[in-house]
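Here's the structure we're looking at; comments come further down.
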Amino acid sequence: MRSRIRTLTDGAATGLAVLSTVLVVAPLVAIFVYLIYKGASSLSWAFFTENPKPVGEAGGGMANAIAGSGILLGIGSLIGIPVGISGGIFLAEFGRGTKLANAIRFTADVLNGVPSIVMGIAAYSLVVVPQGHFSAFSGGVALGIMMIPTVCRTTEEMLLMVPNAVREAALALGVPNWRSVLSITVRTASPGIITGCMLAFARVAGETAPLIFTAFGNVGWSERLSEPIAALPLQIYVYAISPYDEWHRLAWAGALVLIVLIVLAVSLVRFVTSRGVLKGAS
Amino acid sequence: MAGKTEFSAIRAFLIARGNSAIADSGFHWLMVLSALSIFGIVVLIAMELVLRSQLAWSKFGFGFFFSAFVDPYTKLAMYWDPVNGHFSALPFLYGTLVSSFLALLIAVPLAIGLAVFLTEMCPRALRGPLAFVTELLAAIPSVIYGLWAVFILVPLLREHVNPWLIKLLGWTGFFSDDNPTGLGFVAAGMILAIMILPIVSSLTREVMSAVPHSQREAVLALGATRWEMISMGVLRNARIGIVGAVILGLGRALGETMAVTMVIGNSPEIHRSLLANGSTMASVIANEFAEASGDLHLSALMEIGLALFAVTIVVNAFARLLVWAVTRGAPAQVH
């Protein structure tokens, strides 16, 4: 009797675990099915080549938003990637095991959990208020700050995988330490570091909250970095909460484009990391 | 980290013999500076938020977070009135807590179930794809969750789930039939649950795999069934880490902005009903910041941002410490 109850409990627990797995996978499938179903039917060539049209006119696209996202991500990467990689180099090459490095690692992890909307407010008061107007530059700063912790931590992890023998070999040849770090250690870990940067890039590519009051959005082309600029996630948000069917259609198409880009980046990262980034080195 | 002492001795010797001391120390300090900039960012954000919320702070003080005032015409409690310059963050604190709590209620059992399935039961062939799928769930941008929720989840709740909730649980007062839109706390809680599932489940998985195999074998050797092995050998040993994972999920839920803004209804009120419209700290900032009606309004929103910043820092730091306590020694991972 006792063993029967135990077997039943075991079966019930297994069933519940399987059920929760199904319940987790279900929304993902639902999201992707709807994105493809709704998005593909509204995608057209005009989506990539035309700017938004005024309410009531059919057609129009998000060409300016796609270009705007590219520019914002470019500025973000220019800020986030060098600082992040340098921070990672410090953690792995200079500060290993020190209190300072532990504190920085911890701060980076915590900063990673700070809501993106707070980053938006910070960029607003640091850049938009002194400048006096919304601008592409301020949006890029917000995205750049968000990239730093992710890039920093992945760089550190990848550098830690490089065996010490490689560093010692370089130093033994009389190479100065900075050359040894840059052209030997970082070079060895570069596939991993690049995938880490792409992961950070994919994460901020979909960020909307920090752009609402920095990049602000724009219905046409922006000619300068000091002007407000359109961004794909921002445009999706504005269109999704609008009352017009035509705009809803464009929102779905935009979401499909965005998700395809992000899934491609994430799959590439997984493909590269699962094949052993540093196989040749160890 | 093995052989660290030996490594640094050799390295110190070689570096000391190098003839590019200036370039080397320059490089060193550049890297230190970049790393320190992470501290700098946190300090800078805190300073800006404190400075720019001074106006609201000096006007309302601590009462900003719990006071209410009575509208002279309707005699109802009011909290947030930009037109007349009355601001109280109470409804947003309430909305943030309720929506996050609902999200945890739904997400935590599912996340633990998924982690148990993936680490202890799953056939090897399924493990990789399933882990990848949950990773994808984490990569979907918030605004796309919001879009999906607005057009699929909310109509579904409105037509099928809410009437049923009202009929079955209406007597508790938590599910009253006065909001025909389908927006509100239940919708926000559900979309938040879907969004925090991946992080809670992947961290739970990490702490569960950090439990040594000898623990599992010992319990199995005593004649335990698989579930007894999981509950006694694994979950019990990993419980502190799992609590950490849940708190980290809470940190994400507290600050989640876009999806919540799109489905919570955005009204600065406090209702007992979970089907009523509400607003969270993050959603009110997203909604009103760009068109704030004056310095005091902006300053009040800044103060809400500061509170959100402080709360998420504390929650995240606490959760990280708990997860570290369990996985210490195992390789660190980025989430």
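The values are calculated or read from the model by the stated rules, or taken from the named source; none is laboratory data. Source: prediction; values computed, not measured. Don't worry about glycine lacking a Cβ; one is built from the backbone with ideal geometry, like all the others, and counts go over all protein chains shown.
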Looking at the stretch A:90-97, is at least one residue basic (Lys, Arg), within 11 Å of chain B (Cβ to nearest Cβ) and surrounded by 19 or more Cβ atoms within 10 Å (Cβ to Cβ)?
no
The number of residues in the stretch B:189-204 that are more than 12 Å from the chain's Cα centre (by Cα), at pLDDT 90 or above and either among the aromatic types (Phe, Trp, Tyr) or farther than 21 Å from B:Thr280 by Cα (or both) is 2
Restricted to the stretch B:122-142 and to residues being surrounded by 14 or more Cβ atoms within 10 Å (Cβ to Cβ) and assigned to a loop (DSSP other than H, G, I, E, B), the residue farthest from the other protein chains (Cβ to nearest Cβ) is B:Cys122
From the option list A:Val55, A:Val24, A:Val18, A:Val29, single residue qualifying as crowded, with 17+ Cβ neighbours inside 10 Å, of a type in the set (A, V, I, L, M) and out of contact with any Asp or Glu (no Cβ under 7 Å at 6 or more places or on another chain) is A:Val24
The helices (runs of 4 or more DSSP H) lying wholly within the stretch A:114-197 that contain at least 2 residues that are under 23 Å from A:Ala265 (Cβ atoms) are A:116-123, A:136-160
Residues in the stretch B:70-97 that are assigned to a strand (DSSP E or B) and within 13 Å of B:Glu288 (Cβ to Cβ) total 3
Checked pairs for the stretch B:171-192, first touching a residue at least 24 places away in the same chain (Cβ under 8 Å), second part of a loop (DSSP other than H, G, I, E, B) and surrounded by fewer than 16 Cβ atoms within 10 Å (Cβ to Cβ), C-beta under 7 Å and 6 or more apart or across chains, list as B:Gly173/B:Arg272; B:Phe174/B:Arg272
Per the list (1) modelled with pLDDT of 90 or more; (2) of a type outside the set (A, V, I, L, M, F, W, C); (3) over 30 Å from A:Ala108 (Cα atoms), residue check on A:Ser77 breaks on (3)
**Prompt:** Restricting attention to the stretch A:105-128, does a residue exist that is over 24 Å from the mean Cα position of the chain (by Cα) and surrounded by fewer than 22 Cβ atoms within 10 Å (Cβ to Cβ)?
**Reply:** no
The condition of being outside any helix (DSSP H, G or I) and basic (Lys, Arg) holds, among A:Lys53, A:Lys38, only for A:Lys53
Within the stretch A:220-246, the residues that are in contact (Cβ under 8 Å) with a residue 40 or more places away in the chain, closer than 19 Å to A:Pro210 by Cβ and not in a loop (DSSP other than H, G, I, E, B) are A:Ile229, A:Leu232, A:Pro233, A:Leu234, A:Gln235
Note on the stretch A:70-96: residues touching a Ser or Thr at 6+ places or on another chain (Cβ under 9 Å) and outside any helix (DSSP H, G or I) are A:Arg96
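When you scan the stretch A:32-43, how many residues do you find that are surrounded by 14 or more Cβ atoms within 10 Å (Cβ to Cβ) and away from chain B (no Cβ under 14 Å)?
1
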- prompt: Could you say whether any residue in the stretch A:210-228 is buried (at least 24 other Cβ atoms within 10 Å of the Cβ), closer than 23 Å to A:Met119 by Cα, aliphatic (A, V, I, L, M) and more than 9 Å from chain B (Cβ to nearest Cβ)?
  reply: yes
Would it be correct to say that B:Ser58 is surrounded by 19 or more Cβ atoms within 10 Å (Cβ to Cβ), out of contact with any Asp or Glu (no Cβ under 7 Å at 6 or more places or on another chain) and part of a helix (DSSP H, G or I)?
no
The helices (runs of 4 or more DSSP H) lying wholly within the stretch B:176-286 that contain at least 3 residues that are more than 10 Å from chain A (Cβ to nearest Cβ) and surrounded by fewer than 23 Cβ atoms within 10 Å (Cβ to Cβ) are B:185-210, B:213-221, B:236-255
